[in-house]
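The structure under discussion appears below in the form of structure tokens.
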């Protein structure tokens, strides 16, 4: 297999942080980058979850919004329920 070189510029801070994660997983940083590129080739997508502006995945956000619409129990009823065990 013929190889080529890719040069990228990132901040020192980003490189150190990424290197720390790679080291913690027993990988070389270049191996992590190859895994990223291989995923793009094989799957035809970017291997990062699509996050909403709130930092949740679309599925997580939909679940949270669904739960927010469900009825809640008034706190006085919760306290009465807890008191019934005393």
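Can you tell me how many residues in the stretch 11-54 are more than 19 Å from the chain's Cα centre (by Cα), part of a loop (DSSP other than H, G, I, E, B) and surrounded by 10 or more Cβ atoms within 10 Å (Cβ to Cβ)?
2
I'd like the full set of residues that are part of a helix (DSSP H, G or I) and more than 26 Å from the chain's Cα centre (by Cα), limited to the stretch 55-86. Steps first, please.
Taking the stretch 55-86 and keeping what is part of a helix (DSSP H, G or I), we get 58-69, 75-83.
Passing the criteria: 75, 76, 77, 78, 79, 80, 81, 82, 83.
Give all pairs with beta carbons closer than 8 Å in which a residue from the stretch 34-63 that is more than 21 Å from residue 7 (Cβ to Cβ) meets a residue that is part of a loop (DSSP other than H, G, I, E, B); count only pairs at least 6 apart in sequence or on separate chains.
Matching pairs, first to second residue: 57/49; 57/50; 58/50; 58/52; 61/52; 61/54.
Which of the numbered conditions does residue 50 fail, given that it passes all the others? Conditions: (1) over 29 Å from residue 61 (Cα atoms); (2) in contact with a strand residue (DSSP E or B) (Cβ under 7 Å, 6 or more places away or on another chain).
Going through (1) over 29 Å from residue 61 (Cα atoms); (2) in contact with a strand residue (DSSP E or B) (Cβ under 7 Å, 6 or more places away or on another chain) one by one, residue 50 breaks only (1).
Each reported figure results from applying straightforward, stated rules to the coordinates on display, with no laboratory input. Fair warning: this is a prediction, and the values are worked out from it, not measured in the lab. Every residue, glycine as well, gets a Cβ built from its backbone with ideal geometry; the counts of neighbours run over all protein chains shown.
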